[in-house]
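Inspection log for the structure reproduced underneath, given as structure tokens.
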Amino acid sequence: METALASPLGVFGRESVAELRKSLRLPQFALPTIITPAMFYGLFAIALNKGGPAAAAYSLATFGVFAATGPALFGFGAGVAVERESGLIELKRVSPLPAGAYVFAKLVSAGAMAAMALVLIYALALFGGVRLPPEQWALLVLVHLLAVVPFALFGFAIGMRMGSKGAIAAANALYLGFAILGGLWMPIFLLPAWMQHLAWITPSFHLGQLALAATGVPSQAAILLHLATLILITAAAGWLAVRGWRRSPA
């Protein structure tokens, strides 16, 4: 008799639920990745905001992208590295687990953690007077949730190549680098010219521009150009992730 446990869909679901429960049971991972973006947004965009709701809406777009980077980079980067070193990935590879269930569960968990962080930021934005039409809210949520994907691929590529300590250091460097170069903490035009040029090779910059466009703020370039560049960067991150998975003995 076919059961939910035996069907591939059931295994994917159970693996995702298990991964999410594990993440929530690790407060040293869950609390910083969920609360830190909301704390930064509350401080800089609400408490110290002198530009009114318009400035809060601008920061809502960029800090929402920032909220997606933490769970994706640390959940995949550091988390995968730790599990690879402990032999857990090797065990899953030799088990009857369907191919892709492990990565799918990690992605679902990172997306759920990012969604929790976004709920806090959205609540603070409403408290700060941000008002957007429903269609802009829907588009903004879509951009923010899809932002998990490229960062998760970069994190996975790191986790399959580095040890746990190296992966944590690399994830921290990317976490801060993507935030600064992507203009997620401050408008991109405030950065030096060379940093503005460097921003074009980061997914955070293009996601930030797409999020700003969703709120009605003109983007730095054509939307299609940001989309095309983001797809290329995501494809490159995916290639690195797949190569790391295939080359790793674990």
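The values are calculated or read from the model by the stated rules, or taken from the named source; none is laboratory data. Remember, it's a predicted structure, so these values are computed and weren't measured experimentally. Cβ: placed from backbone, ideal geometry, glycine included. Neighbour counts: every protein chain shown. Just the protein is used for accessible areas: all its heavy atoms, side chains included, with ligands, DNA and RNA removed. Shrake-Rupley method; radii C 1.70, N 1.55, O 1.52, S 1.80 Å.
Taking the Cα atoms of region 132-226, what is the range of coordinates along each of the three principal axes, in descending order and whole Å?
45, 31, 22
Which order do M162, M113 take when ranked by solvent-accessible area (1.4 Å probe, heavy atoms of all protein chains), largest first?
M162, M113
What accessible area per residue, rounded to a whole number of Å², is obtained for the chain using a probe radius of 1.4 Å?
Spelled out: the 1.4 Å probe surface of the chain, per residue, equals 49 Å².
Compute the Rg/Rh shape ratio of the chain: radius of gyration over Kirkwood radius, all on alpha-carbon atoms.
0.99
Using a 1.4 Å probe over the heavy atoms of the protein chains, calculate the carbon and sulfur portion of the accessible area of region 21-158 as a whole percent.
The value for region 21-158 is 74 percent carbon and sulfur by accessible area.
At 1.4 Å probe size, what's the solvent-accessible area of L124? Round to the nearest 10 Å².
The accessible area comes out at roughly 50 Å².
Figure the gain on full extension for M186 and L26 (residue separation times 0.36 nm, minus the Cα-Cα span) and round it to one decimal in nm.
Here the segment from M186 to L26 would lengthen by 54.5 nm.
Starting from the Cα of K50, step 7 Å along the direction of its Cβ; do the same at F127; then give the gap between the two resulting points in nm.
2.3 nm
Tell me, what HN-Hα J-couplings in whole Hz come from the Karplus equation 6.51 cos²θ - 1.76 cosθ + 1.60 at θ = phi - 60° for each residue of region 148-153, using x for Gly and Pro?
Once rounded to whole Hz, the list reads 4, 4, x, 5, 5, 5.
Under the Kirkwood approximation applied to all pairs of distinct alpha-carbon atoms, what is the hydrodynamic radius of region 29-80 in Å?
Over region 29-80, the inverse of the mean reciprocal pair distance is 11.7 Å.
Give the cross-link partners of K106 among the lysines, using a straight C-alpha distance below 22 Å as the criterion and excluding same-chain residues fewer than 8 apart.
List returned: K22, K92, K165.
Just reorder F76, F12 by solvent-accessible area, largest first, 1.4 Å probe, all chains present.
The most accessible residue leads, giving F12, F76.
Hey, what's the Cα Rg ratio for region 1-94 versus the globular rule of thumb, 2.2 N^0.38 Å?
Ratio of Cα Rg to 2.2 N^0.38 Å: 1.52.
Using the basic label-point model (7 angstrom from Cα toward the beta carbon), what is the I231 to A18 distance in nanometres?
The answer from the label model is 3.6 nm.
Ratio of alpha-carbon Rg to the 2.2 N^0.38 Å globular estimate for region 42-189, to two decimals, please.
The value comes to 1.18.
How do L24, L232 stack up against each other in accessible area, from largest to smallest, with a 1.4 angstrom probe?
L232, L24
At q = 0.14, 0.17, 0.23 Å⁻¹, what log₁₀ I(q)/I(0) does region 198-250 have when each alpha carbon counts as one equal point scatterer in the Debye sum?
Once normalised to I(0) and log-transformed, intensities are -0.44, -0.57, -0.80.
What is the percent of Cα-Cα separations in region 117-188 that go past 21 Å?
So the pairs more than 21 Å apart make up 43 percent of the total in region 117-188.
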